[in-house]
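Below is one structure, written out as structure tokens, with a few remarks after it.
The values are calculated or read from the model by the stated rules, or taken from the named source; none is laboratory data. Not measured: the values here are computed from a predicted model. Here Cβ is always computed from backbone atoms with ideal geometry, including for glycine, and neighbour counts include all displayed protein chains.
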Amino acid sequence: MIHKMRWKVYLGIILFLALLAGCEQQQYIYNTYYPVQPEPLPRFHKLNNGLTAVILSNNHSTAVSFYALVRAGSKYEDNQSRGLAHSLEHMSFKRTQHDHDMFFSEYFNSMGVPEINAFTTKDYVIYYFTTIPENFDPAFQEFVNIITDPYFSKDDFETEKQVIYQEYLTDLDNRFYPSAVRYDKLVYGDHPYSYPTIGDPNIFLKLNVSDLKKYYDKYYTPDRITIAVLGDLPEDKALDMIRKGFGKLVGNNAQSVPDIKPLTEDVVKRESLNISEPNTTSEERSIKEIVRVGFPIPSLTVKERLELELISKELLNKMTAFEKDLKLNDLEQDNTLNLVFIINKSDEDELLENLRIALGIITDSGIEDLETKKQDLFREENPEYISDEAKKLIMDVVKYKVSDQNSLDHVWNTKEIIDNISEDDIKHFASTYLNHKILFITEVDDEE
């Protein structure tokens, strides 16, 4: 009897440990989707001069990342200044009023800051760097100078315009670039989004220092600037540095650009472009063409954007017979879904038919294995590197017009939003935005 009781006790212990191990394994799987330990939340601040700051202090990080976003992208240019926003971004890294003897890249490397950069989009100009906490203070001060006290030299600008022109020529050598430019013209018409960010060399090569100063004074105002600091830095210290560095900026400019005209045609728009690619024969160039298919979509909520991410990936998974890529034109005023295919010229009708069939399946049945794909999306929405996390945060703050802590908490809480996406949500989104056959196709004819 005693042996039987001991055996039952041992069996009970074994079963309990097995159950516990199973729970731990299940908990681990659960953790890949929903972290049990809550991550620190970013904090929203509005300075007296109108500048917005978001700070995420996380002492588990080993670095600090700084992003400054200025609503001064190329869509604010007029027909006489195409390329001015991008030119100003280039010139910001030439000199400041607090000049030193080294090039900026050398200067930042000397401070132990290897990652510095900036880029211009149609909506914004963004400046950023990432470094270890010990080197953050001097790097931050230098970026304050870059953004608040630039110095534009005539000689520097003449030299830099040639650098920008070479960048323009490099773009032209990319076989995808001409079709992208024409695609934007087809979709946006006369709206400023229809012009490439780099501009027109017939215009930007004629710009002068006075043009730079006017554009800077007009658009680099505190109400148009958002600062994000993420990483191993106390929130109160980061906020104090931002106030001291950027609090001196004054002025405001609420200027906007026209809304995009709604597209109502139920038609396919087409244009052909002749381009050539080095090191290919005429026969090889005639085989393939680039086709861009676009679905114009209005401004989206956070939940709708996540639904579109899920749908677009599912759409490409169903188009297995074609070489393809996906680009979401994630602009402030537009979220056009842009599908890029490289096909044999004889396969265009098959491509369109397959695309319509795939859209019909998603509209009628939703997404296969939606829960697994939601988990994958959640991981994508939580970048591994702090610089990527900072970029996502600052873009979301501006894109979704975050104005207080509550709206910031909502944008940041993608876990709950993704969890609430249902098959009915997917089918409703697809039928509302992707089932009207408004397709914009740019054919690239490689024959000379």
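Checked against the criterion of being at pLDDT below 95, surrounded by 18 or more Cβ atoms within 10 Å (Cβ to Cβ) and either touching a Cys at 6+ places or on another chain (Cβ under 7 Å) or not aromatic (Phe, Trp, Tyr) (or both), the candidates Met5, Met102, Met1, Met91 yield just one match: Met91. Flag: Val54 does not match the condition of being closer than 17 Å to Ile147 by Cβ, part of a loop (DSSP other than H, G, I, E, B) and at pLDDT 75 or above.
Answer yes or no: is there a residue in the range 360-382 that is over 30 Å from Tyr127 (Cβ atoms) and assigned to a strand (DSSP E or B). Before the answer, list the steps.
Looking only at the range 360-382, we keep the residues that are over 30 Å from Tyr127 (Cβ atoms), and these are 360-376.
Imposing the further condition that a residue be assigned to a strand (DSSP E or B) reduces the set to none.
No.
Going by the conditions given, is Glu307 in the same structural domain as Met395 (by TED's automatic domain parsing), assigned to a helix (DSSP H, G or I) and modelled with pLDDT of 85 or more? Here the answer is yes, as Glu307 does meet what is asked. Scanning the range 319-345 for residues that are aliphatic (A, V, I, L, M) and either surrounded by fewer than 16 Cβ atoms within 10 Å (Cβ to Cβ) or assigned to a strand (DSSP E or B) (or both) yields Ala321, Leu326, Leu328, Leu331, Leu337, Leu339, Val340, Ile342, Ile343. All conditions but one from (1) over 23 Å from the mean Cα position of the chain (by Cα); (2) among the hydroxyl-bearing types (Ser, Thr, Tyr); (3) modelled with pLDDT under 90 apply to Ser422; the one that does not is (3). Restricted to the range 109-131, and to residues that are surrounded by fewer than 15 Cβ atoms within 10 Å (Cβ to Cβ) and more than 14 Å from the chain's Cα centre (by Cα), which residue is farthest from Tyr67 (Cα to Cα)? My answer is Ser110. Quick one: would you say Leu393 is surrounded by 14 or more Cβ atoms within 10 Å (Cβ to Cβ), over 18 Å from the mean Cα position of the chain (by Cα) and in the same structural domain as Thr301 (by TED's automatic domain parsing)? So Leu393 fails the test.
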